């Protein structure tokens, strides 16, 4: 870790410690998760290569990209994500349904029943993947975070975001995803980020609204 990354990490830790209801926001662009088998079909003889680590310790953006080919249009240079998954899955923004000519539903990751198929093309091959979704907004969190917020897996949360230019937005129905190895981070897609005027950098935060119990 270089000196600038270390300083950023220290500032983040201090900010989140002093403001316990803050949650970092990760804006998720379109991307593709592949099984090892499908990766080998698209990139024969290669290994998935890391471009950069993500906030969730096990996850990374890969160097390899693919094109998504729908009935009406194509989205080029879509990033692969690692590591390999047990099921291949494509995640897009809702507005990109119109570009591709499909109707991907809003779902949690892995909920692929009844989702549309799409052609995925690399420089070497083309395959068809059944499993295109618009990811439902959610918050990754540790078990300690879940206890602090008073939520369990699948609970709905509210997060208030002060977007640039005074565009305050309250995101409702944000799904809690606690797991022992998760790091606190809310995931929204590019459509949601644009609507709330949230930047693509690493310094955006939301405030979890703790609902009073009757």
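Could you order the peptides 81-88, 149-156 from most to least packed, using the average number of other C-beta atoms within 10 Å per residue?
Ranking, from highest mean packing down: 81-88, 149-156.
Out of all DSSP beta bridges with both ends in the chain, state the antiparallel percent to the nearest 5.
Just about 70 percent of them are antiparallel.
Remind me, relative contact order of region 34-135 in percent, using alpha carbon pairs under 8 angstrom and six or more residues apart?
30
Taking the beta-carbon count within 10 Å as an exposure proxy, list 108, 157 from fewest neighbours to most.
108, 157
Sorted by average packing, counted as other Cβ atoms within 10 angstrom per residue and highest first, what order do 44-50, 73-79, 29-35, 126-132 take?
Packing proxy ranking, top to bottom: 29-35, 126-132, 73-79, 44-50.
Where does each of 167-175, 136-144 land if you order them by average Cβ count within 10 Å, highest first?
In descending order of packing, they fall as 136-144, 167-175.
Helix 3-18 against the longest principal axis of the chain: what's the angle in degrees, Cα atoms only, rounded to the nearest 10?
The answer is roughly 50 degrees.
Quick note: the coordinates plus some simple rules give every number you see, no bench work behind them. Note that the structure is a prediction, hence the values are computed from the model and not measured. Note that we place each Cβ from the backbone using ideal geometry, even for glycine, and neighbour counts take in every protein chain shown.
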